[in-house]
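This report refers to the structure that appears directly beneath it.
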Amino acid sequence: MELLTIGAFAKASRLSPKALRLYDELELLRPARVDPDTGYRYYTLAQLEGARLVAWLRRLGMPLAEIRAVCALDAKGAAREIRAYWARVEAETAVRRDLAAFLVDQLTGESRGEHTIMLELRYAARSDRGHVRPANQDTVYAGRRLLAVADGWGPAGAPASQAAVAALRFLDEEEEPAAGSVLNLLEEAVHGGNEAVQDLARAGAEGGEESGTTLTALLWTGSKLALVHIGDSRAYLLRDGGLFRITHDHSVVQSLIDEGRLSQEEAESHPQRALLLKALGTSGAPPVPDLRVREARDGDRYLVCSDGLTRVVPDALIKRLLAAESDPEAVVGSLIGAANAAGGPDNVSCVVADVVRSARPPVPVG
């Protein structure tokens, strides 16, 4: 068996000797032989393929723990895990890209002209028990600046969803926060809401059954909407005739779709469809919410809803109902009616808000 010195193997694999020594200590890439007297490491030609894979995965930025898991799989399984990792990277990059654009805009005022056209929200909200559930565990809220939906479950589901929304209510009642601090305020409010929901879940636990809640909310900041999202409630934007989902479900089924293991059609009947990866009130480390800022335009229509709508009403019908009515109150009624017409298997909550020009005059800038 031909052996390569660590220097020759490093050159062939494009890994430095220092990295090879580290990977040996971590049991990620063990040498074929170690000289008992000198401690010098030797590798075989057969190890080059695995070493090159490690080198490429490090260039992708994959953490060593994940690389170890990928290297233990066959080629098909490794490809699946790399695809899933990169999907996560792209999602995280999109969030950071939006935040970077937001910060640049705040620092330079690039989106502001000599005068700013004042915009405001015109909204309606409603929650319905549906035809099957014995009680309504959703909480819905719509105010001058805050739009929120929380979908609770478990013995303390209703108070949990109420606590999640209550944690954000002060943002609607106080003066408009500075745009640069709005994401921090939302994140801090969600952390406080998570603690309140955990207390309720512990107090209301029955037979070890967990309680928790989703939370999806939009906060108006004058010309932008800040989004905070945990769980599988959703937010949509209807703009220029197109419907765009602006949240990503934190669910087992969605992760399987992202990784290419499940199609959208298969997801609709998957037995773990209701299993969440992130929620407020669950045990373990506090969940990290999705946070982003969106530019608002005159004519935009936003929908925030619980999965009692999206599980039984397809996006095509949601789009048609959002586009058909001019009044948010009528749209909310149509959406809830469509969910109940499809059997109403779950509580359903909807907030619909239109971005419209304010009756107030333009505000001079600078």
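The values are calculated or read from the model by the stated rules, or taken from the named source; none is laboratory data. Since the model is a prediction, treat every value here as computed from it, not as a measurement. Note that each Cβ is placed from the backbone with ideal geometry, even for glycine, and that neighbours are counted across all protein chains shown. Only protein heavy atoms, including side chains, enter the accessible area calculation; ligands, DNA and RNA are left aside. Shrake-Rupley method; radii C 1.70, N 1.55, O 1.52, S 1.80 Å.
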Item checked: Size of charge dipole - the chain - debye, nearest 20, with Cβ of Lys, Arg +1 and Asp, Glu -1, no other charges -> 1020
Item checked: Placed amide H near Lys224: partners under 5 Å, 5+ positions off or other chain -> Ala296
Check: What are the residues whose amide H is under 5 Å from the amide H of Arg292, where those residues sit 5 or more places off or on another chain and H is modelled from the backbone?
Finding: Leu227
Check: Of Ala164, Ile246, Pro328, which is farthest on the positive side of the dipole of the chain, counting Cα position, with +1 on Lys and Arg Cβ, -1 on Asp and Glu Cβ, and the Cα centre as origin?
Finding: Ile246
Next item on the list: Could you point to the residue in Val182, Ala124, Ala79 farthest towards the positive end of the chain's charge dipole, with +1 and -1 charges on the Cβ of Lys/Arg and Asp/Glu respectively?
Entry: Ala79
Note to self: Given points 7 Å out from each Cα along the Cα-Cβ axis, report the Glu49 to Arg202 separation in nanometres with one decimal.
What the structure shows: 5.3
Next item on the list: Work from the charge dipole of the chain (Cβ charges, +1 for Lys and Arg, -1 for Asp and Glu, about the Cα centre) and give the residue of Ser233, Leu57, Leu4 farthest towards its positive end.
Entry: Leu4
Check: Where the centre of each part is set by its Cα atoms, how far does the stretch 113-165 sit from the stretch 4-49, in angstrom?
Finding: 57
Note to self: Give me the extension gain from Ala323 to His248: residue separation times 0.36 nm, minus the current Cα-Cα distance, reported in nm with one decimal.
What the structure shows: 24.8 nm
Next item on the list: Name the aspartates and glutamates eligible as straight-distance cross-link partners of Lys319: C-alpha to C-alpha under 14 Å, and not fewer than 8 places from it in the same chain.
Entry: Asp240, Asp300
Check: What size of dipole, in debye to the nearest 20, comes out for the stretch 4-43 about its Cα centre when the only charges are +1 on Lys and Arg C-beta atoms and -1 on Asp and Glu C-beta atoms?
Finding: 240
Item checked: For the chain, built as a Gaussian network whose Cα springs stay under 10 Å, the top-fluctuating residue of Asp37, Asp199, Asp172 -> Asp37
Next item on the list: Whenever you get a sec, compute what percent of the accessible area on the chain sits on carbon and sulfur atoms (1.4 Å probe).
Entry: 52
Item checked: Lys, Arg +1 and Asp, Glu -1 on Cβ, resulting dipole of the stretch 158-311 about Cα centre, debye, nearest 20 -> 300
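Sorting check: for 321-327, 266-272, which peptide has the highest mean count of neighbouring beta carbons within 10 Å, and how do the rest follow?
321-327, 266-272
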